[in-house]
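Let me begin by presenting the structure, written as structure tokens, before commenting on it.
Laboratory data are not the source of any read-out in this text; all were calculated from the coordinates shown. From a predicted model like this one, the values you see are computed outputs, not experimental measurements. Virtual Cβ from ideal backbone geometry, glycine too; neighbours counted across all protein chains shown.
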Amino acid sequence: MQQMADYIVEGANLLTDMISLEDEKFKQEEAYDKIKELETECDRITISIFDLLNDSLITPLNRTDLHQVCDTLDDVMDNINAAAKRMMLYQPKTMNNQTMHMAEIVIECAKAIRSAFDELPNLKRRPATALELCNRLHDLEHEGDDVYGEFVHELFESETEAKEVIKIKEIMAAMESATDCANKVGKQLKTIIVQYK
């Protein structure tokens, strides 16, 4: 699962690159192709982890907990991929500052997830660090909700082309869903921490 966390960080960074490269379509496509590869790799890892869980008699953590965390990690990557795919399909005329802000929140979520997984081997000695990272994911999800709410309000106030409203809103919705899934990972990790510290 650590590998998945690394891929999520890489995918989140590439998504931000896509937004900043809105005038360079070829480079944007290259970033999207890489995100697709990462998403496919996360699917492959998820399947292999499920197979291992089914085949192993003893696991380091509860099977159900491992299954849920792995599945939700995959959901984070799926939503990053969905945002990137919508950018390529819809080709919005411009991306505003809030779009970049949301992408940066997704990056911070990805980094917090990776750091939390780095801390799992240390749960017995210092669970507080992992718990702090889970709380960080909760805070980032709330920040993402606020940014998304402000974005939707301003979009409907200022954008006059209905198609552009739909395009940008769909991209933002996928990123906001990524932050929701990241927070869910944090909640699932908290359950593990409470059980195994």
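Numbers at a glance
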| read-out | value |
| --- | --- |
| Cross-link table LYS93/LYS184; LYS25/LYS93; LYS85/LYS163, entries beyond 22 Å C-alpha to C-alpha | LYS93/LYS184 |
| Selected from ILE171, ILE47, ILE105 as most flexible by GNM, with the chain as the system and alpha-carbon contacts under 10 Å | ILE47 |
| Subset of LYS34/LYS111; LYS34/LYS187; LYS111/LYS190 violating a 24 Å alpha-carbon distance limit | LYS34/LYS187 |
| Most fluctuating residue given options THR160, THR16, THR72, as computed from a GNM of the chain linking Cα atoms under 10 Å | THR160 |
| Of the DSSP H helices in the chain, those whose Cα atoms cover at least 30 Å axially and whose Kyte score averages -0.5 or more | 63-90, 97-119, 127-158, 162-196 |
| Magnitude of the charge dipole, the chain, Cβ model with Lys/Arg +1 and Asp/Glu -1, debye to 20 | 820 |
| Cα-centre dipole for region 94-197 with unit charges at Cβ (Lys and Arg positive, Asp and Glu negative), debye to 20 | 1040 |
| Pairwise label distance in nanometres, ALA128 with GLU41, each label 7 Å out on the Cα-Cβ vector | 3.5 |
| Computed E for ARG63/ILE166 - FRET, C-beta separation, R0 41 angstrom, nearest 0.05 | 0.50 |
